[in-house]
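Asker: Sharing a structure below in structure tokens format, with a few things to ask.
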Amino acid sequence: MSKQGTVFIGLFNPKSPSNVGAVLRAAGCYQADEVRYVGERFARASRYSTDTKNVGNSIPLLQVDDLAQGLPEDMPIVCVELAEGAIPLPAFTHPEKALYVFGPEDGSIPQAVVDRASHVVYVPTIGCMNLAATVNVLMYDRLAKSDLSIDDAERIKASRDVNNRLVVRA
């Protein structure tokens, strides 16, 4: 499978290393180009490695002052937040390239960031999901709505754990 578009994941003041580690795993699964974050909480706790697939070796994880710094001016910002007036994710059409911004589990994306966004979407769950679950759902939705051609047999062989040799029998 080739990838479709350019995807940056932006985290606003992530709360813990486990959150960021799980986001890195999602970034690897869905072929994001970069994960960036603002805030100091993760930087203080980053010595606790939670990147179980070592995605940080292939996808940059950058601390920045502004999530949009250095990105092309035409890259849409898509905030993912439980905000009044947000578009429900099932109705959202993903742009070819995007910076997806996610807030911390114990707070929200600042209003100033939301005001700069091209789109604000939300996942219509009952209650809120944790950060990594939200990133996974958003990235899966992007994949599911894409027109990528996937060789399923090869994808399964390449992606499964070494202990998994299951076969569906007729």
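Asker: Students often check this: by mean Cβ neighbours within 10 Å, which of 144-151, 80-87, 102-109, 6-13 ranks highest, and how do the rest follow?
Answerer: Details: 144-151: 10.1, 80-87: 15.6, 102-109: 17.4, 6-13: 22.2.
Packing proxy ranking, top to bottom: 6-13, 102-109, 80-87, 144-151.
Asker: Distance from a point 7 Å along Cα→Cβ of Ile126 to each backbone N in the stretch 92-114: keep the residues under 13 Å and list them by number.
Answerer: none
Asker: Moving on to the next point. For Rg and Dmax of the Cα atoms in Å, several values are listed as [x] 14.7, 45; [y] 16.4, 55; [z] 19.5, 62; flag the one computed from this structure.
Answerer: Read-out from the structure maps to [y].
Asker: Also, quick follow-up: How far apart, in nanometres, would the label points at Thr93 and Val137 be if each is projected 7 angstrom from Cα along the Cα-to-Cβ direction?
Answerer: 2.3 nm
Asker: If you rank Val35, Val168 by how much accessible surface each has, with a 1.4 Å probe, what is the order from largest down? Present the calculation step by step, with values, prior to reporting the outcome.
Answerer: Values: Val35 0, Val168 145 Å².
The ordering from most to least exposed comes out as Val168, Val35.
Asker: Calculate for the chain the 222 nm mean residue ellipticity that helices alone would give, adding -39,500 (n - 2.57) per DSSP H run of length 4 or more and normalising by residue count, nearest 500 deg cm²/dmol.
Answerer: Values: 5 runs with 46 residues, N = 170.
So the calculated ellipticity at 222 nm is -7500 deg cm²/dmol.
Asker: What does the charge dipole of the chain about its Cα centre add up to, to the nearest 20 debye, if the Cβ of each Lys and Arg holds +1 and the Cβ of each Asp and Glu holds -1?
Answerer: Working: 17 positive and 20 negative charges, 162 e Å.
Computed about the Cα centre, the dipole is about 780 debye.
Asker: Also, I was wondering about something else. Give, in nm to one decimal, the length gained when the segment between Ser118 and Arg165 is fully stretched (0.36 nm per residue of separation minus the Cα-Cα distance). Please list the in-between numbers first.
Answerer: Working: separation 47, 0.36 × 47 = 16.92 nm, distance 4.39 nm.
That pair, Ser118 and Arg165, stretches by 12.5 nm at full extension.
Asker: Still on this structure, I have one more. Quick check: residue separation of Glu40 and Asn13 times 0.36 nm, minus the Cα distance between them. What number comes out in nm?
Answerer: Numbers: separation 27, 0.36 × 27 = 9.72 nm, distance 0.67 nm.
Here the segment from Glu40 to Asn13 would lengthen by 9.1 nm.
Asker: Related question: Suppose R0 equals 25 Å. What FRET efficiency, 1/(1 + (r/R0)^6) with r the Cβ-Cβ distance, do Ser108 and Thr6 give to the nearest 0.05? Don't jump to the answer; show the numbers that get you there.
Answerer: Values: r = 26 Å, r/R0 = 1.03.
Once rounded, the FRET efficiency stands at 0.45.
Asker: With every protein chain left in place, what is the accessible area per residue of the chain in square angstrom, probe 1.4 Å?
Answerer: Value returned for the chain: 58 Å² of accessible area per residue.
The values are calculated or read from the model by the stated rules, or taken from the named source; none is laboratory data. Since the structure is predicted, the reported quantities are computational estimates derived from the model, not experimental observations. Neighbour counts are summed over all protein chains in view; Cβ atoms, including those assigned to glycine, are modelled from backbone coordinates with ideal geometry. Note: accessible area is taken over every heavy atom of the protein model, side chains too, but ligands, DNA and RNA are not part of it. Shrake-Rupley method; radii C 1.70, N 1.55, O 1.52, S 1.80 Å.
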